[in-house]
Amino acid sequence: MKSTELDGKVALVTGASNGIGAAVSRRLASLGAHLVVADVDDGPGTALAAELGGTYVHCDVRDPGENDAMVAVALERYGRLDLIHLNAGVTSGGGVGDDFDLDAYRRAMAINFDGVVFGVHAALPALQEGDGGTVIATSSMAGLLPVALDPVYAANKHAVAALMRSLGEAYADSRVTFNALCPSFAHTDIIQPIKSFLDEVHFPILEVEAVVDAFVAILDAEGTGQCWYVVPGRESEPFRFRNVPGPR
């Protein structure tokens, strides 16, 4: 689905109350889409929906029933669903050695990966009913490369990338596309615990709008099963998985 075809279409964004989710929601609304914004942070989420003339729904993506409910809200409010951006995410907050924290591990895996699986499962029937549906899940460069700083985060983001690649192939003959958005560190709340370290080592941090531009590029490319990297100083494009089957 090209960005020029969004006028009147219905888009649902999870983790929409701030950061990448909020910026994507604003861009989609500017392109004419009707927005359903979902989050657990009700105050900012409700304010964003009001700003965009859209609809807010509380959704803890770890709960399959709440994923079903957010899709039901989109269908009840607008009668269709054309695009879903599965964006909700957190850092893991621990490793697998002496710093292992079981609660933090389960929370990160549930939000970052289960939330994508549950979101796809809830939205797929509605996306298949229309004239072409789009799923974009926020993975990360941590979903393409090893990350010693947070191996658990890298693991669930790799899982998101693998899921989108696999669903792209599984549904290649359908009218639904599946792609992963894989940004490096961007100026969002999720990097606050390590922001001082990134500044100290002079690590380049993306502006959120650069991530949104890559999101729109995915729409306009109309591919499926791809993982689009977003890094400072380079034009975003699908990551090339060399010498392995599947989309390159």
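The values are calculated or read from the model by the stated rules, or taken from the named source; none is laboratory data. It should be emphasised that the depicted structure is a prediction, and the values quoted were computed from it without experimental measurement. Reconstructed Cβ throughout: ideal geometry from the backbone, glycine too, with neighbour counts over all protein chains shown.
Descriptive notes on the structure:
- Test: residue in the range 128-135 that is over 14 Å from the mean Cα position of the chain (by Cα), within 24 Å of TYR56 (Cα to Cα), in a helix (DSSP H, G or I) and touching a residue at least 40 places away in the same chain (Cβ under 8 Å): yes
- The single condition among (1) among the charged types (D, E, K, R); (2) under 20 Å from ARG175 (Cα atoms); (3) out of contact with any strand residue (DSSP E or B) (no Cβ under 8 Å at 6 or more places or on another chain) that ARG62 does not meet is (2).
- Residue within the range 170-192 that is modelled with pLDDT of 70 or more, under 30 Å from LEU124 (Cβ atoms) and part of a helix (DSSP H, G or I) present: yes
- Of all residues in the range 21-34, those being touching a strand residue (DSSP E or B) at 6+ places or on another chain (Cβ under 6 Å) and under 24 Å from CYS182 (Cα atoms) number 6.
- Residue in the range 76-86 that is surrounded by the most Cβ atoms within 10 Å (Cβ to Cβ), counting only those that are touching a residue at least 40 places away in the same chain (Cβ under 8 Å) and assigned to a helix (DSSP H, G or I): TYR78
- Only residues that are in a loop (DSSP other than H, G, I, E, B), of a type in the set (A, V, I, L, M, F, W, C), modelled with pLDDT of 95 or more and in contact with a Lys or Arg (Cβ under 9 Å, 6 or more places away or on another chain) were counted in the range 1-18, giving 0.
- No other residue among VAL57, VAL73 is farther than 20 Å from THR177 by Cβ and assigned to a strand (DSSP E or B) apart from VAL57.
- Among the criteria (1) under 24 Å from VAL231 (Cβ atoms); (2) at pLDDT 95 or above, the one VAL117 does not fulfil is (1).
- Looking at ALA22, ALA38, just one residue is free of Cβ contacts under 8 Å to residues at least 60 places away in the same chain, aliphatic (A, V, I, L, M), buried (at least 23 other Cβ atoms within 10 Å of the Cβ) and touching a Cys at 6+ places or on another chain (Cβ under 6 Å), and that residue is ALA38.
- Just one of the listed residues (PRO44, PRO64) is over 25 Å from LEU149 (Cβ atoms) and in contact with a helix residue (DSSP H, G or I) (Cβ under 7 Å, 6 or more places away or on another chain), namely PRO64.
- Any hit, the range 87-103, residues being closer than 22 Å to MET1 by Cβ and either in contact (Cβ under 8 Å) with a residue 24 or more places away in the chain or part of a loop (DSSP other than H, G, I, E, B) (or both): yes
- Within the range 25-35, considering residues that are surrounded by fewer than 24 Cβ atoms within 10 Å (Cβ to Cβ) and within 15 Å of the chain's Cα centre (by Cα), the one farthest from GLU5 (Cα to Cα): ARG26
- Residue that is farthest from the chain's Cα centre (by Cα) [pool: residues in the range 1-19 that are crowded, with 22+ Cβ neighbours inside 10 Å and of a type outside the set (A, V, I, L, M, F, W, C)]: LYS9
- Every condition in (1) among the β-branched types (Val, Ile, Thr); (2) within 19 Å of the chain's Cα centre (by Cα); (3) farther than 19 Å from ALA22 by Cα; (4) not in a helix (DSSP H, G or I) holds for VAL160 except the one numbered (4).
- Filter result (in contact (Cβ under 8 Å) with a residue 24 or more places away in the chain and within 17 Å of the chain's Cα centre (by Cα)) within the range 46-62: CYS59, VAL61, ARG62
- So GLY89, is it at pLDDT below 95 and crowded, with 24+ Cβ neighbours inside 10 Å: yes
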